[in-house]
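Only one structure is covered here, and it is reproduced in the block below.
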Amino acid sequence: VRELSFERSTINSDARTVEICFATETPYERYWGVEVLDCATSSVRTQRLKSGCNLIMDHDARDVVAVVESHSFGADRKVRAVVRFGKSARAQEIFADVADGIRTNVSVGYLIHKAVLESETEGVGTYRVTDWEPYEISFVAVPADPSVGVGRSAGDDPRLPVQVPAPIAALAASPLAAPAAADQPATSPTTPTEIRTMSQAPAAVEPAAPALN
């Protein structure tokens, strides 16, 4: 999961829409290393975004308040989406909070399909995720990193399984294990997660069955 903030200037009250930046290439430290989500058009699977990915509350799939209407890739290496809020009482309540600047933090849930090891410093590897798939966007209350453009949740929600590519998890669990070479293929992730697991480097990771974000 990755959290971000959006600019209130992108809110359209008449259309009930807002533009959200939900992914950047800002490095994110995980317990197994540092991940970087590659935000090139060739690295992001957009089928779910195109088919009406939902915006929900706190990663609760039963609490839907908006839908993704469009997405775009910026020259600044950021991925954005325009979401439209529904007309239900709940959706209108959340949109009012968004317009009032009360709800500003957004989190994205995604699956990792391929990751490569880019570098290693003092035993800590930096992985670039070159094939990933966003499947939901959420409003969250407490981001760990409130910086503009990119934020993160204050902790992994115990309801959400965190998926870490198997080779990365094994490396993190065993301090004696030798790091994979930058040009060495990695194996597949054990399970997709809602965590913004951006593990990419010159190692390939096979996708696993999606888990709850």
For the residue pair Gln92 and Thr46, what label-to-label distance in nm results when each label sits 7 Å from Cα along the Cα-to-beta-carbon direction?
3.3 nm
Net length gained if the chain between Ser70 and Thr10 were fully extended (0.36 nm per residue, minus Cα distance)
20.2 nm
Kirkwood-type radius of the stretch 1-126, with distances r between different C-alpha atoms, in Å
15.8 Å
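Each reported figure results from applying straightforward, stated rules to the coordinates on display, with no laboratory input. Computed from a predicted model, the values in this text were never measured in an experiment. We place every Cβ from the backbone using ideal geometry, glycine too, and count neighbours over all the protein chains shown.
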